[in-house]
Amino acid sequence: MMMKKRFYSLIILFAVELWPTLTLAATDVLTMGIFPRRNAKVTIKMFTPMARYLSTKTGKNIKLVTAKNFPVFWRNVMQGKYDIVHYNQLHYIESHQKLGYQVIAQNEEFGEKTIRSVLIVRTDGGIKSLKDLDGHTILFGGGKKAFVAYIVNAVMLYRAGLTKNNYTTRFAKNPPNATIATYIKQADAAGIGDVGLKIPILKKKGVNVSELKVISKSKPLPHIPWAVNPSMSDDLRLSIQKAMLSLNDSVEGKAILKKAGMTGIHKAVDKDYDNSRKIIKEFQLIR
């Protein structure tokens, strides 16, 4: 009898000791990482409604996070810290190749499923073409892994006959900062995406976009993607994708997309980014 009591006591003690672990596992927290295309405070405000919506639709507790800059964000991606991740084309291609991340969706912004790289200058700066940037300073938004703002623009400059030795390369924390700096004459040109001149924050910062002009524009590229961690089950991946696409189908969903700076969200597959892969290979050869 004493042996049985001791045995049951040990079982209860063991269960109590395990309880925090069991509770933690039962919460099913999924981390949604958003790349720092904008500053952290703005990013969290924009995507919080989406995280809540996806939590409701999937039955998972989706935790929204971002990073203070692109290097920190990329380190988190490579360490597998994000279950759902929103990032640029280069991020996706590298994380797919190295870790197996799977693309599930892509943005639509201002009614477009594609995005173009552009180089902008002040209208009063005397710069009319890419060749006029020889000897000038170009501020690229987002850092060395910024696909649209930096990599594609660097390739376009090279095709126009300008190598990295022909201009001074600088980087802003994000594309809006690059635009603002060019506007206030801290740089001669900015490398951004074509939607960069349409974002509301520029007006709030006192930027008159009529005083800026585009001197170069790339061919259309697949918009920035959403992907999931390779450890995620097929059922959960499809559930998240379905929930994301359902945002297009209701007034509530469209309001959530608008809050996130989007006009829609669309299904995406890996081969959509094959042309982006070709640009990356070309960039690697010229740098």
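This table checks each residue for (1) basic (Lys, Arg); (2) part of a helix (DSSP H, G or I).
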{"site": "Pro36", "(1), (2)": "no, no"}
{"site": "Ile44", "(1), (2)": "no, yes"}
{"site": "Leu64", "(1), (2)": "no, no"}
{"site": "Lys68", "(1), (2)": "yes, no"}
{"site": "Trp74", "(1), (2)": "no, yes"}
{"site": "Ile93", "(1), (2)": "no, yes"}
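If the condition is being within 16 Å of Leu54 (Cβ to Cβ), among the charged types (D, E, K, R) and buried (at least 16 other Cβ atoms within 10 Å of the Cβ), then the range 232-287 contributes only Arg237. Pick out, from the range 198-275, the strands (runs of 3 or more DSSP E) lying fully within it that include 1 or more residues that are farther than 25 Å from Asp28 by Cα, modelled with pLDDT of 95 or more and acidic (Asp, Glu). No strands (runs of 3 or more DSSP E) qualify here.
I'd like to check something: does the range 50-62 contain any residue that is among the basic types (Lys, Arg), in contact (Cβ under 8 Å) with a residue 60 or more places away in the chain and within 24 Å of Ile199 (Cβ to Cβ)? Scanning the range 50-62, I find no residue that is among the basic types (Lys, Arg), in contact (Cβ under 8 Å) with a residue 60 or more places away in the chain and within 24 Å of Ile199 (Cβ to Cβ), so the answer is no. Which strands (runs of 3 or more DSSP E) sit wholly inside the range 101-194 and have at least 1 residues that are assigned by TED's automatic domain parsing to the domain that holds Ala255 and among the charged types (D, E, K, R)? In the range 101-194, 102-108 are the strands (runs of 3 or more DSSP E) which contain 1 or more residues that are assigned by TED's automatic domain parsing to the domain that holds Ala255 and among the charged types (D, E, K, R).
The values are calculated or read from the model by the stated rules, or taken from the named source; none is laboratory data. Predicted model, so just to flag it, every value in this text is computed and none were measured. Positions of Cβ are backbone-derived with ideal geometry, glycine not excepted, and every protein chain shown enters the neighbour counts.
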